[in-house]
1. Anything in the stretch 166-188 that is part of a loop (DSSP other than H, G, I, E, B) and on the phi < 0 side of the Ramachandran plot? List them, or say none.
2. Considering each of 101, 150 in turn, give the residue that is within 17 Å of residue 47 (Cα to Cα) and not in a helix (DSSP H, G or I).
3. Restricting the first residue to the stretch 345-356 and requiring it to be in the same structural domain as residue 265 (by TED's automatic domain parsing), which pairs with a second residue that is surrounded by 12 or more Cβ atoms within 10 Å (Cβ to Cβ) and in a helix (DSSP H, G or I) meet a Cβ separation below 7 Å and a spacing of at least six or different chains?
4. Can you find even one residue in the stretch 64-79 that is assigned to a loop (DSSP other than H, G, I, E, B) and buried (at least 20 other Cβ atoms within 10 Å of the Cβ)?
5. For residue 514, which of the numbered conditions (1) more than 28 Å from residue 233 (Cβ to Cβ); (2) at pLDDT 95 or above fails to hold?
6. For residue 60, state whether it is in contact with a helix residue (DSSP H, G or I) (Cβ under 9 Å, 6 or more places away or on another chain), over 22 Å from residue 379 (Cβ atoms) and either without any contact (Cβ under 8 Å) to a residue 24 or more places away in the chain or in a helix (DSSP H, G or I) (or both).
7. Return only the number of the condition from (1) within 30 Å of residue 448 (Cβ to Cβ); (2) touching a strand residue (DSSP E or B) at 6+ places or on another chain (Cβ under 9 Å); (3) assigned to a helix (DSSP H, G or I); (4) free of Cβ contacts under 8 Å to residues at least 60 places away in the same chain that residue 410 does not satisfy.
8. Just one of the numbered conditions (1) at pLDDT 95 or above; (2) loosely packed, with under 12 Cβ neighbours inside 10 Å; (3) in a loop (DSSP other than H, G, I, E, B) is not true of residue 558; which one?
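The values are calculated or read from the model by the stated rules, or taken from the named source; none is laboratory data. As the structure is a computational prediction, the values presented were derived from the model and not from experiment. Note: ideal-geometry Cβ built from the backbone for every residue, glycine included; neighbour counts use all protein chains shown.
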């Protein structure tokens, strides 16, 4: 009997051991499953859309022929995002800030038109950009209220407790669940916001790095093992954060309008680095940094796989340029050098070309998005007829001093309107806190057409400044500044530099050493000679900042700060302030045979 009891006890023990082993095996099997089958996540993203709801122009080189089309726009992006939502199992769609400012759509709707599209796209989260504060805390609070229960607006490094409009409205992070996996999204905003926007006195912008470190620890305690930082800090700041903070896996960025990826068939595009840009964190783990240029011209699409601990184990991606999708969307020049829609045969060749290019994709249609754009665009066409100011005299435009105007004859001092545009840019730059801008250079080609005396409409301003250039700040020493002036004066035509806060005289008949007769900066209502070794604070448009059209020295300059303020919008603000425009005393003198 005793033996039987021992046997039964042994069986019981054996049963319990097997049960524990099975339970342990089950746990182990789950872990093994997560190890052998990584968690796949697709992140679609864009940034710095700046109220550009409509498509933007782009020139493609297709089979050796210049082809003119439009790209992006909110309807095209909406259709693509909704398509990805249907085809990707685990999907996030993020916006890295600066929905506000940049077109008449913002002037009219204050971000509420953009909001309707973002809700249609089922945006998962956005962070605040500096331009979200351009109209003060109230406009942002209204936008956030409109987004309520649709998507969160994140700003972890902003302390808003003392602001009665934004207190409790800005979330530090969002947690998204995909089955058993948790993904944390932390939002951060540039600390330069008080200097370049109007957030008011009650908001405090804290250093993002210690804030992110604290929140990574907090999210980790909550069982979050995949962490994305949604950043409106700029590309270089994102790199620094990735190198400094442990636990961050992906940084989806904005603010610097950085183009990443490969675009071999589009020579006009100059990407800064690969997509994604990979940085090692302090533990030598990969951190993926992405950004999607600007104005919804492209949509970033990043596929990432994570192991069971949340580390990145695999990744791929490419920003997608969404083009037109019918023959009338593509123009080529005919024998008379006029642009016209392509024929059916050429369109087929274009479609084949786009099909083979991983960076290009013909847009799909979304009737709801198209109807939404039609709803918002009709009042914009009316708005363009609105009178915004007045001109006391005709302001004629030519490229450079000595050119002949068809109505006004030879203009020995060059364009009459380009210096006024330069004055407007300088006026705006000087209004930005802690920037101390002294000089503006406006290229002749950035100003198109005359501004006759009389009433000036919004539409005329957009025709005068049609390229949606933004205001960029940088520093240059005097010697480099002279180098820029000399290169662009000699190049002439569209490159010719019209300054504000600076004046110069040159003699094209002289040798190199005697080229400049004077180069002076305005200081305390007086004119002082430029010193080669002194640093000057300069504002320019984004086209010049890219180094194009002879502005190579500026293109190579470091630490450029794109404020995001559009030249047309700045000019309209200046026009309201000055009430009536007049010609300026010439600040350029060019002597030639």
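1. Matches in the stretch 166-188: 166, 167, 169, 170, 172, 180.
2. 101
3. Qualifying pairs under 7 Å: 347/327.
4. Going through the stretch 64-79, the residues assigned to a loop (DSSP other than H, G, I, E, B) turn out to be 64, 72-73.
Subsequent filtering for residues that are buried (at least 20 other Cβ atoms within 10 Å of the Cβ) retains 72-73.
Looking for residues that are assigned to a loop (DSSP other than H, G, I, E, B) and buried (at least 20 other Cβ atoms within 10 Å of the Cβ), one finds at least one in the stretch 64-79, hence yes.
5. (2)
6. For residue 60, the condition - in contact with a helix residue (DSSP H, G or I) (Cβ under 9 Å, 6 or more places away or on another chain), over 22 Å from residue 379 (Cβ atoms) and either without any contact (Cβ under 8 Å) to a residue 24 or more places away in the chain or in a helix (DSSP H, G or I) (or both) - is not met.
7. (3)
8. Checking residue 558 against (1) at pLDDT 95 or above; (2) loosely packed, with under 12 Cβ neighbours inside 10 Å; (3) in a loop (DSSP other than H, G, I, E, B), the one that fails is (1).
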